[in-house]
Amino acid sequence: MDFSTACEKAKAFTKRPTDEEFLEFYGLFKQATAGDINVDKPGALDLKGKAKWDAWNKHKGLSQDAAKAAYIAVYEKYAPKYA
């Protein structure tokens, strides 16, 4: 399975992953597509934005290819639960 296929299949999950699982996908997706985080950290009142920023920042330094492979692995881990 390639990265774009895993992305499409993850978007088609029939049930919504938990917030924690969603952030796992989000952080790896952003690292795979944009590389290291390149935006300022949101303010303390923006809880959703801060959580997403933290999820992406957690993968700082990971190559885009490694992030794609990790995203596929996360998809395969959760697919039986949500697909």
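The values are calculated or read from the model by the stated rules, or taken from the named source; none is laboratory data. Because the structure is predicted, anything quoted here is derived from the model rather than measured. All Cβ positions, even for glycine, are placed from backbone atoms using ideal geometry, and neighbour counts span all protein chains on display.
Every listed requirement among (1) modelled with pLDDT of 95 or more; (2) not in a helix (DSSP H, G or I) is met by residue 44 save one, (1).
Among the residues making up the range 25-41, those that are of a type outside the set (Val, Ile, Thr), in contact with a helix residue (DSSP H, G or I) (Cβ under 9 Å, 6 or more places away or on another chain) and not in a helix (DSSP H, G or I) are 35, 36, 40, 41.
When residue 21 is tested against (1) outside any helix (DSSP H, G or I); (2) within 26 Å of residue 83 (Cβ to Cβ), just one condition goes unmet, and that condition is (1).
Under the condition of being hydroxyl-bearing (Ser, Thr, Tyr) and farther than 16 Å from residue 16 by Cβ, which residue from the range 46-83 is nearest to the chain's Cα centre (by Cα)?
Going through the qualifying residues, I end up with 71.
Residues in the range 1-13 that are farther than 14 Å from residue 64 by Cα and either modelled with pLDDT of 95 or more or not in a loop (DSSP other than H, G, I, E, B) (or both): 5, 6, 7, 8, 9, 10, 11, 12, 13.
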